[in-house]
Amino acid sequence: SSPCRTSSCSKKPASPTIPTLKVEGSWPCYGIPQSLVVDNGLEFLGTDLEAISFDLGFAITQCPARQPRFKGTVERFLKTVNHNFAHQLPGASFARFHLRGDHDPQGHAILTLGEFTHVLEKWIIDIYAQRIHKGIGTTPAARWSEGIVAYEPTLPADLRLLQSRIGQSTSRKLRRDGFELKGVRYNGSQLGTILRHYGEGVEVRVVFDPEDLGEVQIWGPSDVEPIPVQAMDLE
């Protein structure tokens with residue numbers, strides 16, 4: 001059997017920030033989707049997601065605007081998250097104003113982002129995934145285990161390949177002194193091949209992680225694989 005059918009493909013657990021809250025189970029779900037169904041949110045309409053889908057080989061299906069019946073499964077899950085998880089937390093902000101009463105969301109907001117991530121992971125793995133789901137007649141964890149026997153998801157060749165494909169995407173014109181992104185200058189000897197072949201001013205594709213600008217990935221006009229380029233001043 002594939003090693004990915006064991007815990008080796010489980011997600012990396014969140015940092016335990018609450019000592020008394022232990023996550024008992026594992027989160028075994030993984031893999032590149034065959035199709036990603038999205039709504040018309042701005043984060044789904046740009047070139048970033050299209051570039052990722054092209055690089056990793058999955059389709060994007062866009063739901064019609066203002067017709068929630070096309071994504072009922074997702075809407076129902078979000079309702080479950082809100083009712084059974086989010087609204088139980090200190091600092092919860094209710095969708096309908098009259099439900100708040102004299103509750104002060106900001107005044108009760110006492111969780112750090114790390115603590116919230118830890119609590120959310122606990123709820124997904126040990127509560128939601130282990131409860132009987134009326135729509136499928138079993139638990140989500142059991143359904144995943146059944147499904148992976150019939151169809152094993154695929155993975156990129158390695159983690160670095162995945163990291164080089166996921167991020168925000170833009171383009172820059174390449175000069176002898178490199179290029180600038182978010183106020184950071186990038187250059188390296190590996191850019192010489194692109195400059196010699198296409199000349200100064202050639203447009204390159206840049207993929208970057210906005211939370212870590214130490215290194216970006218670039219593609220020349222005919223490149224199949226990206227070239228990593230470090231910031232000139234890593235500080």
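The values are calculated or read from the model by the stated rules, or taken from the named source; none is laboratory data. What you see is a predicted model, and the numbers here were worked out from it, not measured in a lab. Ideal geometry is used to build each Cβ from the backbone, glycine not excepted, and the neighbour counts take in all protein chains shown. Surface accessibility is based on the protein's heavy atoms, side chains included, excluding ligands, DNA and RNA. Shrake-Rupley method; radii C 1.70, N 1.55, O 1.52, S 1.80 Å.
Points to keep in mind about this one:
- Between the alpha-carbon centres of the range 193-235 and the range 18-88 there is a gap of 30 Å.
- Pairwise centroid distance, computed over Cα atoms, of the range 118-159 with the range 172-189, Å: 43 Å
- Shape annotation for the chain: C-alpha extents along the principal axes are 62, 50, 43 Å, from largest to smallest.
- Charge-dipole axis of the chain as Lys and Arg at +1 and Asp and Glu at -1 on Cβ define it, positive-most pick from 199, 88, 138: 138
- Helical content alone sets the calculated 222 nm signal of the chain at -7500 deg cm²/dmol, taking -39,500 (n - 2.57) per DSSP H segment of four or more residues and averaging over every residue.
- Folded to 0 to 90 degrees: helix 72-84 orientation relative to the chain principal axis, Cα: 60 degrees
- Expressed as a fraction of 2.2 N^0.38 Å, the C-alpha radius of gyration for the range 144-235 is 1.34.
- Ignoring lysines fewer than eight residues from residue 12 along the same chain, the ones with Cα atoms less than 28 angstrom from its Cα are 22, 79, 122.
- The range 165-217 - accessible surface per residue (Å², probe 1.4 Å): 57 Å²
- For the chain, the longest principal axis of the alpha carbon atoms and the long axis of helix 113-122 meet at an angle near 60°.
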